[in-house]
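Engineer: Handing you this structure, nothing more for now.
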Amino acid sequence: MLNVNEGKRGINRGMDEISLKFLDQLLNAPGVSGYEGPVQRVVRDFIGPFAEQLQTDLHGNCIAGRGLNHPIRVMLAGHSDQIGMLVSQIDESGFVYTQTVGGWDPTQLVGQNVVIWAKSGPLNGVISRKAIHLQDENERKQLVKANELWIDCGVIEATELKALVQIGDSVTLRLGYQKLCGDVVSGPAMDDRVGVWVVMEVMRRVSTRSSQVALYSVSTVQEEIGLRGSKTAAYGIDPQIGIAVDVTHATDCPTIDRRQVGDIFLGRGPVIFRGPNINMRVSDRLIELARNHEIPYQIAALGRAASNDSNSLQISRAGVATGLVSIPNRYMHSAVETVSLKDLNAAATLITEFVQSITTVDEFLP
């Protein structure tokens, strides 16, 4: 894990000890889609002192609000859920079989350390398959399938495990992260705890400045299984303007074709998207602010409805003027998702300036 004191020596690039501790807590809290409670408790504890209103809706979205007397409502969304698994069977030998939650590449799961988040307490396990020595020639050539893997918790008797684990308990990869070179960190659940960090950090910063908008920073739920939390949160808030903060694929590593995805690099700033899912006045404002305030940024194109919260946010009720700001992320949906802390801080700085720039005379009609 990252020592917060290292941030003071330059890794944070503007992130202080409070914000680094918040990121650490986010990345160490479990929150498979539908099981986001532990993450949302971290969010509430952090943002409570900076919000004028704090609530959790029936869906599980954590909604922090400030300046709610202003007529213009701005919603910022970062999703708290992560991909994971659910216990579906415990066999007679005590091995655990699972269903996946969210989009997994099964080859990423082989040999991983995992935690079953049971009511009795977290239980360590390892994802296993037949050793290569025991596989025949055809088995060695085949891609592994998720339903051919199992979790071994080291129990001898199945009754022992069944006393601890229930069908439907959530499973994550072992949580936490490690510091790589410079300000780069790697671990599971960067998607999208970094987005949650950004939207809540924006509210913390706005709390010390004047603003002409009603700001709602929302840690949404169930994005990985259909953008569900942002849909219900946006319906309740009914914002005129919204920005989703998620991760996007960094293309600065081998074997990626940049001709369609674009040139996206770690450490060169957050990515501002342009395309039909995006209100052009919102994206233009973000780009202008980044230039005027010398905030590093990158631009990417998206020619379809986004596969993140900006999709459901844009088409909520009568429509929302929506932007999408993303953090470059290598190796998405893996145990080693890799991001730059500089990009997180720059995203928070940019969106804070965006919120501060909005007045009652602004027009966001396309």
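The values are calculated or read from the model by the stated rules, or taken from the named source; none is laboratory data. What you see is a predicted model, and the numbers here were worked out from it, not measured in a lab. In this analysis, Cβ positions are derived from the backbone assuming ideal geometry, glycine residues included, and neighbour counts consider all displayed protein chains. Calculation scope for accessible area: heavy atoms of the full protein, side chains included, ligands and nucleic acids excluded. Shrake-Rupley method; radii C 1.70, N 1.55, O 1.52, S 1.80 Å.
Engineer: Sequence gap at least 6, Cα distance under 8 Å: using those rules, report the relative contact order of the range 8-145 to the nearest whole percent. Before the final figure, lay out the partial values.
Structural biologist: Values: 134 pairs, mean separation 20.0, N = 138.
15 percent.
Engineer: With labels modelled as points extended 7 Å from the Cα through the Cβ direction, what inter-label distance (nm, one decimal) is found for residue 107 paired with residue 362?
Structural biologist: Using points 7 Å along Cα→Cβ, the separation is 4.5 nm.
Engineer: Could you give the size of the charge dipole of the range 57-211 about its Cα centre, using +1 on the Cβ of each K and R and -1 on the Cβ of each D and E, expressed in debye and rounded to the nearest 20?
Structural biologist: 880 debye
Engineer: For the chain, what does the accessible surface come to per residue with a 1.4 Å probe? Please give it in Å².
Structural biologist: 45 Å²
Engineer: Starting from the Cα of residue 162, draw a straight line to each of the lysines and keep only those under 29 Å, dropping any in the same chain fewer than 8 residues away.
Structural biologist: 119, 130, 145
Engineer: What is the angle, in °, between the Cα long axis of helix 228-237 and the longest principal axis of the Cα atoms in the chain? Nearest 10 is fine, range 0 to 90.
Structural biologist: Helix 228-237 sits at roughly 30 degrees to that axis.
Engineer: Let me ask another. Obtain the radius of gyration and the Kirkwood radius of the range 155-198 from its C-alpha atoms and give Rg over Rh.
Structural biologist: A ratio of 1.22.
Engineer: Beta carbons within 10 angstrom, averaged per residue: use that to sort the peptides 261-274, 187-200, highest first. Each step should come with its number before you reach the end.
Structural biologist: Values: 261-274: 19.9, 187-200: 28.4.
Listed from highest to lowest mean packing, they are 187-200, 261-274.
Engineer: Treat every Asp and Glu Cβ in the range 133-190 as -1 and every Lys and Arg Cβ as +1, leave all other atoms uncharged, and give the resulting dipole magnitude about the Cα centre to the nearest 20 debye.
Structural biologist: 260 debye
Engineer: Still on this structure, I have one more. Only bridges whose two residues both fall in the chain count here: according to DSSP, what percent of them are antiparallel, nearest 5? Show your work: numbers first, answer last.
Structural biologist: Numbers: 39 of 64 bridges.
So the antiparallel bridges amount to about 60 percent of the total.
Engineer: How high is the relative contact order of the chain, in percent, with contacts defined as C-alpha pairs under 8 Å that are six or more residues apart? Kindly include the intermediate steps, with their values, before the conclusion.
Structural biologist: Numbers: 855 pairs, mean separation 81.0, N = 366.
RCO, the chain: 22 percent.
Engineer: Same structure again: Only four residue types carry charge here, +1 at the Cβ of Lys and Arg and -1 at the Cβ of Asp and Glu. Report the dipole size of the chain about the Cα centre in Debye, rounded to the nearest 20.
Structural biologist: Value, rounded to 20: 700 debye.
Engineer: Right, here's the next one. For residue 280 and residue 305 in one chain, what is 0.36 nm times their gap in residues minus the Cα-Cα distance, to one decimal in nm?
Structural biologist: Working: separation 25, 0.36 × 25 = 9.00 nm, distance 1.45 nm.
Length gained, residue 280 through residue 305: 7.6 nm.
Engineer: Just to compare against my own numbers: the Cα pair-distance distribution for the range 10-81, 5 Å bins, whole % per bin, please.
Structural biologist: Spelled out per bin, shortest first, that is 3, 14, 21, 23, 19, 12, 6, 1, 0.
Engineer: Ok, one more. Please report the base-10 log of the normalised intensity I(q)/I(0) for the range 206-315, using a Debye sum with one equal scatterer per alpha carbon and no solvent, at each q in 0.15, 0.23 (1/Å).
Structural biologist: -0.77, -1.42
Engineer: Can you give me the Cα centroid spacing of the range 132-202 and the range 239-255 in angstrom?
Structural biologist: 23 Å
Engineer: Among 202-215, 145-158, how do they line up by average Cβ neighbours within 10 Å per residue, starting with the highest?
Structural biologist: 202-215, 145-158
Engineer: Divide the volume of the convex hull of the Cα atoms of the range 35-181 by its number of residues and quote the answer in cubic angstrom per residue.
Structural biologist: 181 Å³
Engineer: Tabulate in residue order the Karplus-calculated ³J(HN,Hα) for the range 37-52, using 6.51 cos²θ - 1.76 cosθ + 1.60 with θ = phi - 60°, rounded to whole Hz; enter x for Gly and Pro.
Structural biologist: Per-residue couplings from phi come out as x, x, 5, 5, 5, 4, 4, 4, 5, 6, 8, x, x, 9, 9, 8 Hz.
Engineer: Express in nm, to one decimal, how much length is gained between residue 178 and residue 159 on full extension, taking 0.36 nm for each residue of separation and deducting their alpha carbon distance.
Structural biologist: Contour length minus Cα-Cα distance gives 3.2 nm.
Engineer: If the cut-off is 24 Å between C-alpha atoms, which lysines fall inside it for residue 231, apart from same-chain ones fewer than 8 positions away?
Structural biologist: Counting by Cα, and skipping residues close in sequence, residue 231 has no lysines nearby.
Engineer: Which value at 222 nm does the chain reach when only helices count, each DSSP H run of 4 or more adding -39,500 (n - 2.57), with the total divided by all residues and rounded to the nearest 500 deg cm²/dmol?
Structural biologist: Dividing the helical sum by the residues of the chain leaves -8000 deg cm²/dmol.
Engineer: If you project the alpha carbons of the range 177-248 onto their three principal axes, what span does each projection cover, largest first, in Å?
Structural biologist: So the extents along the principal axes, rounded to whole Å, are 41, 35, 15.
Engineer: On the protein heavy atoms, probe 1.4 angstrom, tell me the percent of accessible surface of the range 135-285 carried by carbon and sulfur.
Structural biologist: 48 percent
Engineer: Sticking with this structure for a sec: Full-extension gain between residue 134 and residue 18, please, as 0.36 nm times their residue separation minus the C-alpha to C-alpha distance.
Structural biologist: Going from the current span to full extension adds 36.7 nm.
Engineer: What distance in nm separates the two pseudo spin-label positions at residue 55 and residue 99, each 7 Å out from Cα along the beta-carbon direction?
Structural biologist: Label at residue 55, label at residue 99, 3.1 nm between them.
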